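The values are calculated or read from the model by the stated rules, or taken from the named source; none is laboratory data. These numbers were taken from a predicted model, which means no experiment stands behind them. As a convention, Cβ positions derive from the backbone with ideal geometry for all residues, glycine included, and neighbour counts pool all protein chains shown.
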Number of protein chains: 2
Amino acid sequence: MKRTDASAPRLRGRPRGFDREAALERAMEVFWRQGYEGTSITDLTRAMRINPPSLYAAFGDKERLYLEALERYQQGRRDELGPLLDQAPTARQAIERLLHEAARLYAQPDAPRGCMLMLSCTACAETSLQSQLAKRRADVKKALKARIERGLAASELPRGTDVDALADFYTTLLKGMALQARDGASRRSLVAAAEAAMRAWPARRR
Amino acid sequence: MKRTDASAPRLRGRPRGFDREAALERAMEVFWRQGYEGTSITDLTRAMRINPPSLYAAFGDKERLYLEALERYQQGRRDELGPLLDQAPTARQAIERLLHEAARLYAQPDAPRGCMLMLSCTACAETSLQSQLAKRRADVKKALKARIERGLAASELPRGTDVDALADFYTTLLKGMALQARDGASRRSLVAAAEAAMRAWPARRR
DNA sequence: TCCTTTTCATAGCGATCACTATAAAACAAA
DNA sequence: TTTGTTTTATAGTGATCGCTATGAAAAGGA
């Protein structure tokens, strides 16, 4: 095997025999599909094609590997969805496009169904992990809320609109869509739910 | 200890020293809080106050105990929510009351947050269990759809309303509310999401 | 009283869990 | 080459997993 990570400064000892990023990608897929508790080190080492000592040397332990895999997942989602939120001309269109894109991503054929973050540790014994994940999920709401507030400031929404409640509503729907996708819902069905949710958008005038 | 289950026909051997229903109730609580994979037999025997052989003699194995606990949970929910759906004067009010009642139940202080069914095995390695649960969750949609269809038949909804999509939407919201509750959402916040979702109800005239 | 039946608590089964001690292998520096 | 550093694969560690063998205890029937 050859060293594949050319970006790191050449160190002294024997070079790593596997691609750290590729291994992390494979670990992410397994965690995404099976969850934290449902995934064993054996599952991981088989998917990553490395032995346990290599895993522990490169990633610390199971929990840190999980968090790093989740961070990688979230970074990918932020890269896809962030510009979509920012660049939409109105808050309404931003949310609409976000939901449609989520419907597409959650039902992709070549990836685990649903959202790795939303479906993580929803009922699990790892309380410390659970609270960390709840916090990350709360960040999603914050992003929606910020975009909606921009729309309110631009007078797109009725004065006095409860932005927090609206952000909560669409976050709730995103979580529900993730679970629906995991239960086998088609992209079409997810899009229909997204479109129904857009009917709840506050009317311009009242 | 005394025999507590007086309804069963007296059998020959030594009488059971614990209340089967009470033990099942305690098992339900643990599974509800920690999920299937996050709960060990030790967790269960401690909560149920029995030893492993008693658990296996009375309930079969871990999976069957789980399914029986889940059935008990669902029966309770059906008893509370079923009449609410049936007796509401219109489909719209039926869904509205259901969502409000779900908000209350999901944020009860003396029970695990969220819904045992909706949060079960959302990402887990037990694929057979996962598909069973997906099926049970699909039954919730069926119940909503049936009620909405009644409303359509009673001309409460515009002709040509996509009842399936509407049922999917409110099921999606229910799943999302369960996840929100598990992440710490208040009853007030859940109610707000429910009310927002009711704005998506089809207009009477168009 | 004695036999049969069922449940009980103790103790422990093999398998798997997350994780690691060890030493050979593969590199850079001396 | 020699030395030092890091990664490698093998082969485990103790702990916990779901589950059960065993024999005493507690009941009814003979």
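Some values worked out for this structure:
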| quantity | calculated |
| --- | --- |
| Residue B:185 surrounded by fewer than 21 Cβ atoms within 10 Å (Cβ to Cβ), in contact with a Lys or Arg (Cβ under 9 Å, 6 or more places away or on another chain) and at the interface with chain A (Cβ under 8 Å from one of its Cβ atoms) | no |
| Boolean, residue B:172 is out of contact with any strand residue (DSSP E or B) (no Cβ under 9 Å at 6 or more places or on another chain) and part of a loop (DSSP other than H, G, I, E, B) | no |
| Search result, residues across the stretch A:115-138 that are assigned to a helix (DSSP H, G or I), farther than 22 Å from residue A:180 by Cβ and not hydrophobic (A, V, I, L, M, F, W, C) | A:127, A:128, A:131, A:132, A:135 |
| Subset of the stretch A:69-81 that is in contact (Cβ under 8 Å) with a residue 40 or more places away in the chain and not charged (D, E, K, R) - its residue that is farthest from residue A:94 (Cα to Cα) | A:69 |
| Answer residue from the stretch A:41-92, given it is aromatic (Phe, Trp, Tyr) and more than 14 Å from DNA strand D (Cβ to nearest atom) and is farthest from residue A:133 (Cα to Cα) among those | A:73 |
| Residue in the stretch B:129-138 that is at pLDDT below 95 and among the hydroxyl-bearing types (Ser, Thr, Tyr) present | yes |
| Among the residues listed as B:178, B:153, B:167, the single one being closer than 17 Å to residue A:194 by Cα, more than 7 Å from every other protein chain (Cβ to nearest Cβ) and either in contact with a Leu (Cβ under 6 Å, 6 or more places away or on another chain) or surrounded by fewer than 16 Cβ atoms within 10 Å (Cβ to Cβ) (or both) | B:167 |
| Subset of the stretch A:16-48 (residues that are more than 14 Å from chain B (Cβ to nearest Cβ) and not hydrophobic (A, V, I, L, M, F, W, C)) | A:16, A:17, A:19, A:20, A:21, A:25, A:26, A:45 |
| Helices (runs of 4 or more DSSP H) contained entirely in the stretch B:7-89, each with at least 1 residues that are within 12 Å of DNA strand C (Cβ to nearest atom) and touching a Pro at 6+ places or on another chain (Cβ under 8 Å) | B:41-48 |
| Some residue of the stretch A:138-148 being surrounded by fewer than 20 Cβ atoms within 10 Å (Cβ to Cβ), out of contact with any strand residue (DSSP E or B) (no Cβ under 6 Å at 6 or more places or on another chain), within 8 Å of another protein chain (Cβ to nearest Cβ) and closer than 23 Å to residue A:74 by Cα | yes |
| The listed residue being more than 20 Å from residue B:100 (Cβ to Cβ) and touching a residue at least 12 places away in the same chain (Cβ under 8 Å), out of B:187, B:204, B:159 | B:204 |
